[in-house]
Amino acid sequence: LVNSAYDVSFRVDKESEALCSKTLNEKDLGKFRQAVKDDYYFQMYYDDLPIWGFIGKTEKILRRGAKPEFRYYLFTHVHFDISYNGDRIIEINVSTDPLRTVDITDGDSATVDFSYSVKWKETTIPYARRME
């Protein structure tokens, strides 16, 4: 396990927070294309609760009389929805924004700006039931 660059402080909402900017070379892009093709996902833990999501998506384009064309997109934004009760974290969900992607199908380099957002919401679910 390693620490991530996400700054997710208790009950602090964030909207479109910059995470990092990364220039991907040809080798990096090749690895990401393959990872997207193979449906790779990330997995993290927050307060011992597991969260995971896909790193990208594949788009299949069909044209009459032509072979299918595949496009590969890398998700650049992650959104965390976190529920709490009092001073305890009850639930966390992560989603990616399908509109915030970078097309990594072609090219030998790309600069990618990654971002995230966090939304906290109160719940009545007790801590004892948080894993249900």
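Details
- Residue match in the stretch 17-26 (condition: more than 17 Å from Val118 (Cβ to Cβ) and part of a helix (DSSP H, G or I)): yes
- Restricting the stretch 69-109 to residues that are modelled with pLDDT of 95 or more, under 30 Å from Glu26 (Cα atoms) and of a type in the set (A, V, I, L, M, F, W, C), the residue that is nearest to the chain's Cα centre (by Cα): Val78
- Among the residues making up the stretch 60-109, those that are β-branched (Val, Ile, Thr) and within 30 Å of Ile125 (Cα to Cα) are Val78, Ile82, Ile89, Ile90, Ile92, Val94, Thr96.
- Within the stretch 10-55, being among the aliphatic types (A, V, I, L, M) and surrounded by 14 or more Cβ atoms within 10 Å (Cβ to Cβ) holds for Leu19, Leu24, Leu29, Ala35, Val36, Met44, Leu49, Ile51, Ile55.
- Every condition in (1) touching a residue at least 60 places away in the same chain (Cβ under 8 Å); (2) more than 19 Å from Lys14 (Cα to Cα) is met by Asp113 except one, and the failing one is (2).
- Of everything in the stretch 103-132 that is more than 20 Å from Ala5 (Cα to Cα) and outside any loop (DSSP other than H, G, I, E, B), the residue that is least open to solvent (accessible area, probe 1.4 Å) is Ala110.
- Residue ID - farthest from Tyr46 (Cα to Cα), chosen from residues in the stretch 72-102 that are of a type in the set (A, V, I, L, M, F, W, C) and open to solvent by less than 20 Å² (accessible area, probe 1.4 Å): Leu74
The values are calculated or read from the model by the stated rules, or taken from the named source; none is laboratory data. What you see is a predicted model, and the numbers here were worked out from it, not measured in a lab. Methodologically, a virtual Cβ is constructed for each residue, glycine included, from the backbone with ideal geometry; neighbour enumeration extends over all protein chains shown. These area figures cover heavy atoms from the full protein model, side chains too; ligands, DNA and RNA do not enter into them. Shrake-Rupley method; radii C 1.70, N 1.55, O 1.52, S 1.80 Å.
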